[in-house]
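Here the structure is laid out as structure tokens; the discussion comes afterwards.
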């Protein structure tokens, strides 16, 4: 089977970041009337063509009314583009029509050759909301936070703009300044941030060594995600003297990317069995991927960190490792995007990004609109309400169908110590700072869980004396030796 898409983006756009660096594209089908006879005309006599013709006549009449009666002149091109926006964009949150310019802009974004802020943003109820500023980017350094609403760019309101239009306004040449007006929960008045755009290059993989436990953060599933992750693992293993006691894979705020990379990353940890399957309207969209009989860690105890920003490709990996009971999931419920998109170019007229299949975890569940529940629920902070919107909160989402059930298979492999893992951090827990791992409550609880899985004392949280020992015995394991790199 030739997969029509490798696109598994989460529902975020990025102001200066690439999510999916390349796509397997499919040639435009015959129904594109700009390239040949429309399918509805070819099918005359086979279906209710009279009704189809009536509807196209209605479209033409409305265009005539707009052309002659609207307060200002409107070109046929603009009317058709607006019609195509509604035709495709109202199907579901992940399908859209792109003009030739928008398509070229997307290709520029994929190349990474543009300036931006490094902010993941999402449309919510007609507003632009920040999902997350990416680590080390201008937006993060300026103090933009998840949950912020961007209301103005350089003093001009974003009201009435599409998400694409808002993101375009935030992009620009490196070295140029931009001022964002932000509405933030509990802030008494709007906040203004003046930020200098930069060439934004995402470090896809970051790693750290905590005692004998390896830590790998995967920020997106680009073309090199699996190879970069594999190299990071090999480096951590060498730094640990050739043997790790456990591994943490951090998929928090990872919006997705390439399907083949999600499969490859899962395959690195699952020795055999199904990784993921897809089902669509056409047989060519139905496929199943199986592990190839290798586990690069030789069944090392493993924890996966997830949250509401873990979407799509991230959910494929988390779901596969959870269903196979290969890793324990710690954190919060994931986003819930269980669909696959095809990118179909229309030469000279842009492209269509279209939802063509649903995907299913190895146990047969569809996480569409539901997300993946962690095995060990842990909040980021005491007053953390999580990412307050997910797939289920978006308009026109596709239904959850075809799955066997909504819950993961029951687990019998959880260490008894999970009863001591508190979902909420203590009152004196420090404010979360991604550059300071000892403030990361989810990470610290994940370290305790993976140490227990490895038969090591789980140890205490930072600030409290720990009795955890390294694999060689004797020496205390530092809770946080250094920040991820």
Could you figure out which of (1) under 15 Å from residue 301 (Cβ atoms); (2) at pLDDT below 95 isn't true of residue 451?
(2)
For the stretch 346-362, indicate whether the set of residues that are surrounded by 21 or more Cβ atoms within 10 Å (Cβ to Cβ) and under 17 Å from residue 216 (Cα atoms) is non-empty.
no
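Can you tell me which residue is nearest to the chain's Cα centre (by Cα) among those in the stretch 445-456 that are free of Cβ contacts under 8 Å to residues at least 40 places away in the same chain and under 25 Å from residue 427 (Cβ atoms)?
448
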Go through the stretch 416-436 and give me each residue that's surrounded by 13 or more Cβ atoms within 10 Å (Cβ to Cβ), under 29 Å from residue 139 (Cα atoms) and touching a helix residue (DSSP H, G or I) at 6+ places or on another chain (Cβ under 7 Å).
425, 429, 430, 432
In contact with a helix residue (DSSP H, G or I) (Cβ under 6 Å, 6 or more places away or on another chain) and either without any contact (Cβ under 8 Å) to a residue 12 or more places away in the chain or not in a loop (DSSP other than H, G, I, E, B) (or both), is that true of residue 182?
no
Kindly indicate the residue of the stretch 156-168 that is more than 15 Å from residue 103 (Cβ to Cβ) and touching a strand residue (DSSP E or B) at 6+ places or on another chain (Cβ under 7 Å) and also surrounded by the fewest Cβ atoms within 10 Å (Cβ to Cβ) among those meeting that condition.
157
Name the residues in the stretch 297-332 that are in a loop (DSSP other than H, G, I, E, B) and within 13 Å of the chain's Cα centre (by Cα), would you?
307, 308, 309, 310, 311, 312
Might you check whether a residue that is under 20 Å from residue 227 (Cβ atoms) and in the same structural domain as residue 257 (by TED's automatic domain parsing) occurs anywhere in the stretch 319-339?
yes
Looking only at the stretch 9-26, decide whether some residue is touching a helix residue (DSSP H, G or I) at 6+ places or on another chain (Cβ under 6 Å) and modelled with pLDDT of 90 or more.
no
Within the stretch 374-383, take every residue that is buried (at least 18 other Cβ atoms within 10 Å of the Cβ) and in a loop (DSSP other than H, G, I, E, B) and give me the one that is modelled with the lowest pLDDT.
380
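The values are calculated or read from the model by the stated rules, or taken from the named source; none is laboratory data. None of these values were measured; they are calculated from a predicted model. When we count neighbours, we look across all protein chains shown, and the Cβ atoms used for this are built from the backbone with ideal geometry, even at glycine.
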